[in-house]
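Since every read-out is calculated from the coordinates, none of them should be taken as a lab result. Since we're looking at a predicted model, the values are computed, not measured. Cβ atoms come from the backbone with ideal geometry, glycine included; neighbour counts cover every protein chain shown.
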There are 2 protein chains.
Amino acid sequence: MSKGEQTRDLALREALAQSSNVGLQGITIGGLADSLGMSKSGLFAHFRSKEQLQLDVLDFAGRMFIRRVFTPALEVPSGEPRLRFIVEHWLGWAGFADYALPGGCVFVTAAREFDDEPDGPVRDLLVTQQQEWLDTLAQVVRGGVREGHFRDDTDADQTAYDILALVLGYHFAVRLLRDEQADARTRHAFERLLDDLRTPT
Amino acid sequence: MSKGEQTRDLALREALAQSSNVGLQGITIGGLADSLGMSKSGLFAHFRSKEQLQLDVLDFAGRMFIRRVFTPALEVPSGEPRLRFIVEHWLGWAGFADYALPGGCVFVTAAREFDDEPDGPVRDLLVTQQQEWLDTLAQVVRGGVREGHFRDDTDADQTAYDILALVLGYHFAVRLLRDEQADARTRHAFERLLDDLRTPT
């Protein structure tokens, strides 16, 4: 990476970490410059506006999510094993504090911020990312039907929606309720879902 | 109600409506006074501090939730009919804009705001309300076991958790994704859950 690219990458990582706590609307180019000990004008050259920074952070988060959760799943056999791998890593992404996301899933945070906003570039990108992810998940479920793991009449879009709800519940239970059983409960619910996909009607 | 009680009730309704959009941290006694055309000092006499206002709004929201979702359910036969009634009215509370909650469920909003906050009176009240509600739901599920509607080995706490996840998914799909199928998908997932509760192991 060039020096400019390194600066941009560093700034995006810091902005993502801050966003997971204070939201996309809570980050500012000035605040970011202070945290990183960089000049504000230097960062403005990279991001130009707060809205562009928000868009870049969401795009960065989306690529990080795909790299952590989806790309490695392509090494796993398609169908149920791949779906299990994805859910396992998605829960890791959503619930646990790590260097990248001290405040939990940035998409959950952004959803809360933008759900009642009128259409706009940031909201639109967020919704597009979520819909693309639901479509991707549904494709993975369809892979399970092709492999004979799941019933032929599986509603893949419904299943993707069901899994999203599980992950949102997990995030709520881990981060708000600090429920030590959140992990076990979410896995139990996921196993029940898989059992239903296997049961012949 | 006395004039003072009326003022307080009016202020809490307005504060709740504002909170559902801007969050509990976004409301101020001064802003509330402006919206209502009241004097700031008059409202300070009712709420004393921003934190007390937040606590009073949460408490008011909790009582409104119980009055709309739980109390009328006690008129419905216990077990599955009561659980259905509750989920139906809970979805109404969570998803649809009405005069009281233009920004959707205030508890979802507050969860996002306080999930990473250290312990404090507002966070503690929010968590207590959620845990009490999960316990109440679990009791309703146990009623279904007693009535013979659900399997004897039903895990009532797990079921309460599963339903909470469904409602969180519904809120996300309605408010962020504006998904017209959110209602059908959530109902489908709930019917699947009920089917599982009925199936003998």
Check: Around A:Leu12, what is the net charge, scoring Lys/Arg as +1 and Asp/Glu as -1 over all other residues with Cβ under 11 Å from its Cβ?
Finding: -2
Check: Measuring label to label, 7 Å along Cα→Cβ, what does B:Pro102 give against each other copy in nm, shortest first?
Finding: 3.5
Next item on the list: Return the loop-located GluC sites (Glu not before Pro) in the stretch B:108-201 (DSSP other than H, G, I, E, B) with at most 13 other Cβ atoms within 10 Å of their own Cβ; answer none if there are none.
Entry: B:Glu180
Next item on the list: Pull out a ≥ b ≥ c, the square roots of the eigenvalues of the alpha-carbon gyration tensor of the stretch B:93-149, then state rounded if a/c is under 1.5, prolate if not and a/b is larger than b/c, and oblate in the remaining case.
Entry: oblate
Notebook entry, point to check: Quick one: Karplus J couplings for the stretch A:16-26, per residue in order, coefficients 6.51, -1.76, 1.60, θ = phi - 60°, nearest Hz, x for Gly and Pro?
Noted result: 5, 4, 5, 4, 5, 8, 9, x, 5, 6, x
Next item on the list: Pop out the ³J(HN,Hα) list for the stretch A:101-112 in order, Karplus 6.51 cos²θ - 1.76 cosθ + 1.60 with θ = phi - 60°, rounded to Hz; leave Gly and Pro as x.
Entry: 9, x, x, x, 4, 5, 6, 5, 4, 5, 4, 4
Check: For the stretch A:51-198, what relative contact order do you get, as a whole percent, if you take Cα pairs closer than 8 Å and at least 6 residues apart?
Finding: 25 percent
Item checked: For A:Val127, A:Val57, order by how many other beta-carbon atoms lie within 10 Å, fewest first -> A:Val127, A:Val57
Notebook entry, point to check: Setting aside same-chain residues fewer than 8 positions from A:Lys3, which lysines have a Cα under 20 Å from its Cα?
Noted result: A:Lys40
Next item on the list: Taking chymotrypsin sites (Phe, Trp or Tyr not before Pro) as candidate sites, keep only those in a DSSP loop with at most 14 other Cβ atoms within 10 Å, then name the longest stretch of chain B containing none of them.
Entry: B:100-201
Check: Tell me, how many Å apart are the Cα centres for the stretch B:5-82 and for the stretch A:61-110?
Finding: 37 Å
Notebook entry, point to check: Given the options B:Arg48, B:Arg187, B:Arg175, which has the most mean-square fluctuation in a GNM of chain B, springs set between C-alpha atoms less than 10 angstrom apart?
Noted result: B:Arg48
Next item on the list: Would you mind ranking B:Met1, A:Met38 so that the residue whose beta carbon has the fewest other beta carbons within 10 Å leads the list?
Entry: B:Met1, A:Met38
Checklist line | Computed label-point distance, nm, for sites A:Asp34 and A:Asp183 using a 7 Å Cα→Cβ extension | finding: 3.6 nm
